[in-house]
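The values are calculated or read from the model by the stated rules, or taken from the named source; none is laboratory data. What you are looking at is a predicted structure, and each value in this text was computed from that prediction instead of being measured. Cβ placement follows ideal geometry from the backbone for every residue including glycine, while neighbour counts extend to all protein chains displayed. Ligands, DNA and RNA are excluded from the accessible area calculation, which covers all protein heavy atoms including side chains. Shrake-Rupley method; radii C 1.70, N 1.55, O 1.52, S 1.80 Å.
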Amino acid sequence: EFGTRFINKGVIMQVTGGLVACLLVLNIFVQQICCESLNSYLSKVSDFSILVSAINTSGWEPPASNTTVFVPTNTAFNRMIKDLGVSQEDVLADTTNLLEILDNHVISEKVTSKDLVDGEGFTSEAGKSLLVKIENNTTQISTVGSTAYISEADIPVTGSIVHIIDEVLLPFKKPELKPILEVLSERSELTNLVEAISVAGIEFEPNVYTIFAPSNTAFEN
């Protein structure tokens, strides 16, 4: 008699070949409904638009399967841009660094939130250490140049698990930026401008302003 026999708790059940085929098709269909590709998922969420631009601009290939991807929001990217003292266009144009940054958000194994243990470390696809810290019911991921909190975990996409984070995981240390007044003071041709700023009591927040700096000659004229 045609069929496949299964034993479940000592009970023998006979399932015809046709039913087995139907179950396999149904399983594939359910997987397609539950899990879309990483690119498809990212493109549907407006808060990931900078990440999508970074992927498209750099030509980065999303991981194929059995991986974990940490996904930074637009706020995370904007904070990184401000901290580095560059523009979004600068970040997208530097494809070498961009590819390394994107690779630093991928682990070549599926790691759910339950698998993240305090003090445990992973190695990213960029070859950098990702250290887990769990404190007050929050999970942090630290790497060379930044620390991120996981804001939403365990989002399934095809072949991967996604965790949303609030910082970009930088594979390099952030450069130390000098205060604007200190930079101006280093230029001998800008002494009149420095004096004018000091007398006026103007204070500059980091990474907020673009300054057109008139020279001493300009002040004299």
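Data overview
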| read-out | value |
| --- | --- |
| Val132 being modelled with pLDDT of 95 or more and either within 30 Å of Pro72 (Cα to Cα) or of a type in the set (Ser, Thr, Tyr) (or both) | yes |
| Qualifying positions in segment 58-81 - assigned to a loop (DSSP other than H, G, I, E, B) and closer than 10 Å to Asp166 by Cα | Thr73 |
| Candidates Thr112, Thr138, Thr143, Thr147, filtered to the one that is hydroxyl-bearing (Ser, Thr, Tyr) and in contact with a Phe, Trp or Tyr (Cβ under 7 Å, 6 or more places away or on another chain) | Thr138 |
| In segment 160-206, the residues that are farther than 30 Å from Ser129 by Cβ and among the basic types (Lys, Arg) | Arg187 |
| Condition broken by Val199, with the remaining ones in (1) modelled with pLDDT under 95; (2) assigned to a loop (DSSP other than H, G, I, E, B); (3) exposed (fewer than 13 other Cβ atoms within 10 Å of the Cβ) satisfied | (2) |
| Meets criteria (charged (D, E, K, R), open to solvent by 30 Å² or more (accessible area, probe 1.4 Å) and touching a helix residue (DSSP H, G or I) at 6+ places or on another chain (Cβ under 6 Å)) for Glu36 | no |
| Any hit, segment 204-214, residues being among the polar types (S, T, N, Q), under 19 Å from Gly85 (Cβ atoms), surrounded by 12 or more Cβ atoms within 10 Å (Cβ to Cβ) and at pLDDT below 85 | yes |
| Whichever residue in segment 135-152 is farther than 13 Å from Val168 by Cβ and assigned to a strand (DSSP E or B) and, among such residues, is modelled with the lowest pLDDT | Glu135 |
| Residue that is most open to solvent (accessible area, probe 1.4 Å), among those in segment 68-88 that are free of Cβ contacts under 8 Å to residues at least 60 places away in the same chain and within 21 Å of Glu176 (Cα to Cα) | Asn78 |
| Residues located in segment 153-169, provided they are β-branched (Val, Ile, Thr), under 19 Å from Leu99 (Cβ atoms) and part of a loop (DSSP other than H, G, I, E, B) | Val168 |
| Exclusive hit being in contact with a Gly (Cβ under 7 Å, 6 or more places away or on another chain) and either surrounded by fewer than 17 Cβ atoms within 10 Å (Cβ to Cβ) or in contact (Cβ under 8 Å) with a residue 60 or more places away in the chain (or both), set Ser65, Ser46 | Ser65 |
| Positions within segment 114-164 being open to solvent by 60 Å² or more (accessible area, probe 1.4 Å) and touching a Cys at 6+ places or on another chain (Cβ under 8 Å), in sequence order | Pro156, Thr158 |
| Number of the condition not met by Asn104 [criteria: (1) open to solvent by less than 20 Å² (accessible area, probe 1.4 Å); (2) over 13 Å from Leu170 (Cβ atoms); (3) polar (S, T, N, Q)] | (2) |
| Options Ile155, Ile134, Ile150; residue that is farther than 25 Å from Gly59 by Cβ, of a type in the set (A, V, I, L, M, F, W, C) and in contact with a helix residue (DSSP H, G or I) (Cβ under 8 Å, 6 or more places away or on another chain) | Ile150 |
| Filtered residue count, segment 136-176, keeping only those that are without any contact (Cβ under 8 Å) to a residue 12 or more places away in the chain and either of a type outside the set (S, T, N, Q) or under 13 Å from Ile107 (Cβ atoms) (or both) | 1 |
